[in-house]
Every structure is written in structure tokens, then in C-alpha cells.
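The values are calculated or read from the model by the stated rules, or taken from the named source; none is laboratory data. In this text the structure is predicted, and so the values were computed from the model without any measurement. Neighbour counts run over all protein chains shown; Cβ positions are idealised from the backbone, glycine included.
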Amino acid sequence: MTLVEYEVKNDAIAVLTFNRPDKLNALSTELLQEFESHLNRIETDDSIRVVIITGKGEKAFVAGADIGEYADGNAQAFIDYQFNSRRLFDYIEAYPKPIIAAINGYALGGGFEIALCCDVLIASTNARMGLPEGLLGLCPGGGGTQRLTHAVGRYVAADVLLSARRLSGQRAYELGLAAEVVELPELMDAALKKAEYMLKVAPLSQKEMKRLIRIGMDAALPTGLSLEQEVLFRLQSTEDGQEGITAFVEKRDPQFKGR
Ligand code: COA
């Protein structure tokens, strides 16, 4: 059985679906390997411009790390799993193409951490996002304490972490975590619509703007501003930069080539 389904929509949008619904799509080592190999392949496939990640079924996006593996594994297996997840989640965050998380239910632990590495979150009303590792006597290990705090500030993060509170899709939207909240049956349409808007934006611009956002989270403002200007000058001299301006003047749609 394939643990991560791969589908292409509109020739340019990859949909990756975590497919372990009987275990609420928990992140087994094997599932993570499949997920990463899809991402590796998509990264070098120029025809794919946007990735959507979601979970199979109506209950869960991903209910976190596979706790069964934690229980079975030895200490070294646990350490390997954590290092690997951290590396993979960093890769998702730095991915050169936009990634949309379509959160269709529980996004807990590593599931929420993956979502926090994506660029845009779209939640269904039944989404429940949280970092319940404290209930297991642990703490998040894939960036949850850090990325959630960066995203929503220390007080909301402390509330989520210290009481294992789950944020509903609506609450995530109010906090600015989710760009949209919709009823579950409308979730994939909403994600695809967002992806279609993204197809209109030049791919090199997206890649660079993702980097600017990421760097801007940590850098001092003057550093970020200087980098932004450097990037703009570089983009303006690309084929796509020229094409975008020419197409606007000629009143036609631009044909971006990623160059
Ligand atoms: N790892 C492994 N299996 C998991 C899992 C996880 N993170 N989360 C759920 N499952 C499994 C359950 O063991 C159960 O399997 P079973 O039917 O073989 O017993 C199945 O998925 C359904 O889960 P269940 O707990 O029966 O559903 P529920 O609706 O009663 O509760 C949750 C849903 C999400 C509240 C609950 O499953 C839960 O708390 N999961 C763990 C979340 C977590 O701590 N994540 C962080 C891990 S570090």
C-alpha cells in the first residue's frame, strides 16, 4: 500500500495525500521516506509548480509521530527518527516551490509541525491543531515550540503547549495561522483555487520571496531590506522579469519559464 498518494491536477499542481487513515495518518518512518522521495522528485520536475499536502479521510491530516514506533524502538531508533524529522521539516520549510497544507482534521505533533513548515495553511472547520507531546511526558522535536512561537507569539504558544490545547480551524484562522477556514467538503477546492492563483506568479519570484520571508523572520530589518533589494535587481534581469513587464505593456498573459 502506498503511504503517500501522488496526484497531479491541472498539469502543474501536485497533491500529496498521507494515506494511513486507520492510524490517523501517523508519521511512520516508512511514510516519511515516501513523502520525502515525492518531494525530491517534484523539486526537479519543472512541470510541477505548487504542492498541496493533505490527509486521507475525514478525521486527520496527521495525528503526529507514530507512537507505536516510539514504543517499539530502541533509544537509537528514537534519536534517528528525531534527527530525520528535523532535517525533513527544515527541507519542507526551505522548499523552492510553494506548499499548501490542506488541514482536514487532526494536525497534532509532527502533523502540526509539518503544517507550520508550509507556506499557506487552509483549514477545515473540523481541523484540530495542537502539540500534545507534553501529555506523553515529552516535548515537540520537529520545531513545534519554535515555529509556533514565531508564528503566533509566546502567549498563544504557551497556551497550546502547556495545556495541550487544540486550536480549531476557526481559531487558527483568527490567529492568522490559517489563510482560510472552510467546511470539510470544500477544503480541496479551496486549496486548488489557492494553488491556481499561485500558478500565475513567476516561479523564480516565488522561490526568492519564500527565502526572503524565511530570512526576514530572523534577520534585522536593515539586513532583510538590503537582501530584498538585491533579489529584486537579480529578478529584474532574468528572462521572466523581462517577460512579465513586456507582457503587461503588451496587454497579454506572461509566459514564465523559470529563468
Ligand atoms: N501514532 C500511532 N497511532 C496513532 C496515533 C499516533 N500518533 N494517533 C492515532 N493513532 C491510532 C490509534 O492508536 C488508533 O489505532 P487502533 O485503532 O489500531 O487502536 C487509531 O489511530 C485511531 O485513533 P483513536 O485514538 O482511536 O481515535 P480517537 O478519535 O479516539 O482519538 C486522537 C484521536 C488524535 C485524539 C488520538 O488518537 C490521539 O491522541 N493520538 C495521539 C496524538 C499525539 O499524541 N500526537 C503526538 C505524537 S508525538
(request) Select from region 192-208 the residues that are assigned to a helix (DSSP H, G or I) and touching a residue at least 12 places away in the same chain (Cβ under 8 Å) and list them in ascending order. (result) 192, 194, 195, 196, 198, 199, 203, 204, 205, 206, 207, 208
(request) Find all pairs meeting these conditions: Cβ atoms under 6 angstrom apart; at least six residues apart or on different chains; first residue within region 46-67 and farther than 24 Å from residue 11 by Cα and in contact (Cβ under 8 Å) with a residue 24 or more places away in the chain; second residue aromatic (Phe, Trp, Tyr) and more than 8 Å from the ligand (Cβ to nearest atom). (result) 62/18
(message) Just the residues that are more than 11 Å from the ligand (Cβ to nearest atom) and either among the charged types (D, E, K, R) or closer than 17 Å to residue 157 by Cβ (or both), please, taken from region 115-128.
(response) 115, 116, 117, 119, 121
(message) Contact list please: Cβ distance under 7 Å, first residue in region 229-258 and among the hydroxyl-bearing types (Ser, Thr, Tyr), second residue in a loop (DSSP other than H, G, I, E, B), pairs at least six apart or on different chains.
(response) 238/259
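Picking from 123, 202, which residue would you name as being within 19 Å of the chain's Cα centre (by Cα), surrounded by 14 or more Cβ atoms within 10 Å (Cβ to Cβ) and small (Gly, Ala, Ser)?
123
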(message) Just to be sure before I move on: is residue 84 surrounded by 14 or more Cβ atoms within 10 Å (Cβ to Cβ) and either within 12 Å of the ligand (Cβ to nearest atom) or of a type in the set (Phe, Trp, Tyr) (or both) in the structure I sent?
(response) no
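Please determine, by comparing only the residues of region 134-145 that are more than 20 Å from residue 179 (Cα to Cα) and without any contact (Cβ under 8 Å) to a residue 40 or more places away in the chain, which one is surrounded by the fewest Cβ atoms within 10 Å (Cβ to Cβ).
Once the filter is applied, the top-ranked residue is 137.
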(request) Within region 37-68, track down each residue that is near the ligand (Cβ under 8 Å from one of its atoms), out of contact with any Lys or Arg (no Cβ under 9 Å at 6 or more places or on another chain) and assigned to a helix (DSSP H, G or I). (result) 67
(request) Look through 191, 157 and report the one residue that is under 28 Å from residue 14 (Cβ atoms) and surrounded by 16 or more Cβ atoms within 10 Å (Cβ to Cβ). (result) 191
(request) Could you please find all residues in region 89-114 being hydrophobic (A, V, I, L, M, F, W, C), within 16 Å of the ligand (Cβ to nearest atom) and more than 14 Å from residue 180 (Cα to Cα)? (result) 89, 107, 108, 112, 114
(request) Report whether or not residue 73 is surrounded by 15 or more Cβ atoms within 10 Å (Cβ to Cβ), at pLDDT 95 or above, within 13 Å of the ligand (Cβ to nearest atom) and of a type outside the set (D, E, K, R). (result) no
